[in-house]
Amino acid sequence: MPAPASENTGVEDAAILLMSLGEEEAAEVFKHLGPKEVQRIGEAIAKMKAVSRDRVDKVLDTFDTIAANEHSLVNDTDEYVKAVLRKALGDDKAQLLIDRILQGGDTSGIESLKWMDPGSVAELLRNEHPQIVAAILVHLDFDQSADVLKQFTERQRNEVMVRIATLDGIQPTALKDLNEVMSKVLAGGERMKKSNLGGVKAAAEILNMLGSAAETSVLDFVREADNELAQKIMDNMFTFDDLDKLDDKGIQTLMKEVQSESLIIALKGATPALREKIFRNMSSRAAETLKEDLESRGPVRLSEVEAEQKEMLKIVRRLADEGQIQLSTGGDEQFL
């Protein structure tokens, strides 16, 4: 799903700046970017056939202004990040992010997996013990982990998900095992503290991204082994139907981020109650147009519907992380 216009403009400006620097300097900048940033800027560069001189000058002037105003804001950035995240998110939610942010430099091997396509990662891990696979997947973004698991057999996927749900952090000795799976997956594992990764919430997040068929299979498998664990996972899941639990303000915020075509396809698989809630939070004209589009649209493949619903859920989680909306699951506690 395309990024908002302002975000796309920022990516294009970054692309213009890097092209202005030349190949060698641009390559040095790319070394400090993450996989998704590199992909987005690279795509922007590839699409940019011609740029007006006025826009180039504007981008360079903006960069000069920003660079001139750069200065050190805090003495200890690590402590500042910890303090801000804890105040904003609370200790439990913040700790997961803190571990990932501050230990990122020590997990270069796992970070490198984020540059690989899901099929390649799955091939690398296919013959490893489910516990090792679980320990690796909890370090990746949830959507990437889900895409990797889709490459596994049903039984492999189920066994890995059980271990993710019951994973109680990563000990240094476990990190050393990961070194045997990949060439120097982690550097300095002895010095690392236990990482607060894995657990019921991580399992729920990954399940949200897997799709309904795999989700049902995994939960049935977990329920046979541990019914209480399966219930805990379900209580922490936020599915497309749970959008009905958003308040009106949350629905309105979400609608601003979703394109009409994607919404039409996603709503093909929505409950009548959720459809009505969305209609109610749109202008009368927009709601009527959407209803007409839904009625006139022919049959849509289930895979397409689930794909668009998954994209909407990604937007929901981003908005929740940014504090623009509040989510809740079937359990009593807030989710995210």
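The values are calculated or read from the model by the stated rules, or taken from the named source; none is laboratory data. Please read all numbers here as calculations on a predicted model, not as lab measurements. Neighbour counts are summed over all protein chains in view; Cβ atoms, including those assigned to glycine, are modelled from backbone coordinates with ideal geometry.
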Practice problem: Output yes when any residue across segment 295-310 is among the charged types (D, E, K, R), without any contact (Cβ under 8 Å) to a residue 12 or more places away in the chain and not assigned by TED's automatic domain parsing to the domain that holds Asp143, and no when none is. | Solution: yes
Quiz item: For segment 322-330, does any single residue satisfy the condition of being modelled with pLDDT under 85, among the acidic types (Asp, Glu) and farther than 15 Å from Phe238 by Cα?
Solution: yes
Quiz prompt | Among (1) part of a loop (DSSP other than H, G, I, E, B); (2) of a type outside the set (D, E, K, R); (3) crowded, with 17+ Cβ neighbours inside 10 Å - the single one Pro299 does not satisfy | solution = (3)
Quiz item: Taking the stated definitions as given, is Leu207 over 20 Å from Ala146 (Cα atoms), surrounded by 19 or more Cβ atoms within 10 Å (Cβ to Cβ) and at pLDDT 80 or above?
Solution: no
Quiz prompt | Number of the exception - Ile264 against (1) hydrophobic (A, V, I, L, M, F, W, C); (2) in a loop (DSSP other than H, G, I, E, B); (3) under 30 Å from Lys150 (Cα atoms) | solution = (2)
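A quick yes/no check of all residues on (1) modelled with pLDDT of 85 or more; (2) assigned to a loop (DSSP other than H, G, I, E, B):
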residue: Gly119; (1), (2): no, no
residue: Leu124; (1), (2): no, no
residue: Ile136; (1), (2): no, no
residue: Phe152; (1), (2): yes, yes
residue: Arg155; (1), (2): yes, no
residue: Leu175; (1), (2): no, no
residue: Asn179; (1), (2): no, no
Self-check item: Wholly within segment 1-49, helices (runs of 4 or more DSSP H) carrying at least 1 residues that are closer than 21 Å to Val258 by Cβ and at pLDDT below 75
Solution: 5-21, 35-47
Quiz item: When only residues in segment 225-266 that are over 18 Å from Ala214 (Cα atoms) and hydroxyl-bearing (Ser, Thr, Tyr) count, which is surrounded by the fewest Cβ atoms within 10 Å (Cβ to Cβ)?
Solution: Ser260
